[in-house]
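See structure below.
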Amino acid sequence: MEPPPPVVPPPQEQPPRPRSHTVTTTSSSFTANLSASSSTLAYDREFLRTLPGLLMVTEIVLGLLVWTLIAGTEYFLYPAFGWVMFVAVFYWVLTVFFLIIYMTMTYTRIPQVPWTTVGLCFNGSAFVLYLIAAIVDASSVTKELDSHNYNSWAASSFFAFVVTSCYAGNTYFSFISWRSRTLQ
């Protein structure tokens, strides 16, 4: 025979606690600044009317042309064109990213980043690597290599040099901006 289950007394209601009318909240300065600055999305359409903005759009359009002209061929058979593809696609994606940052004025919301230095490093590296890629592209284009893809590769070489000159221009403007920031 089993013992009867223990008897549990019914729960007694607790008397209500007095409510405090003071509420204390804390927030870090980072979250306070982030919530205050991200309430509206700014759009700087004047950036596209500046010379750096026009150069950036040209870099995007012609850079897309460079890598699509090569991508439409059997470039993977020739390592030199693989390098050109890497440089063209890598800097095309980053240039689109930076255009979005400049158009939405995100750089004003993240003041911890030294944007003039970042722009100078980005444009300077793009100029140097695109120049190398354009030279490699031009030196790899021969009719003996593959006459079927000759025109696409020759056109990509031409546009790679045009994009290189655009990055050179933006490197110059980035340097001027960086120098004026460091002199202040």
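The values are calculated or read from the model by the stated rules, or taken from the named source; none is laboratory data. All values derive from a computational prediction rather than experimental measurement. Quick reminder, even Gly has a Cβ in these numbers, built from the backbone with ideal geometry, and neighbours come from all protein chains shown. All accessible areas refer to the heavy atoms of the entire protein, side chains included, with ligands and DNA or RNA removed. Shrake-Rupley method; radii C 1.70, N 1.55, O 1.52, S 1.80 Å.
Structure notes:
Each row is one residue, and each column tells you yes or no for (1) surrounded by fewer than 17 Cβ atoms within 10 Å (Cβ to Cβ); (2) touching a helix residue (DSSP H, G or I) at 6+ places or on another chain (Cβ under 9 Å); (3) β-branched (Val, Ile, Thr); (4) more than 14 Å from residue 60 (Cβ to Cβ).
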| site | (1), (2), (3), (4) |
| --- | --- |
| 99 | no, yes, no, no |
| 115 | no, yes, no, yes |
| 150 | yes, no, no, yes |
| 174 | no, yes, no, yes |
| 177 | yes, yes, no, yes |
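- Count of residues meeting criterion [open to solvent by 60 Å² or more (accessible area, probe 1.4 Å), free of Cβ contacts under 8 Å to residues at least 12 places away in the same chain and of a type in the set (Val, Ile, Thr)] in the stretch 118-132: 1
- Enumeration of residues in the stretch 91-117 that are of a type in the set (A, V, I, L, M, F, W, C) and without any contact (Cβ under 8 Å) to a residue 24 or more places away in the chain: 93, 97, 100, 101, 110, 113, 115
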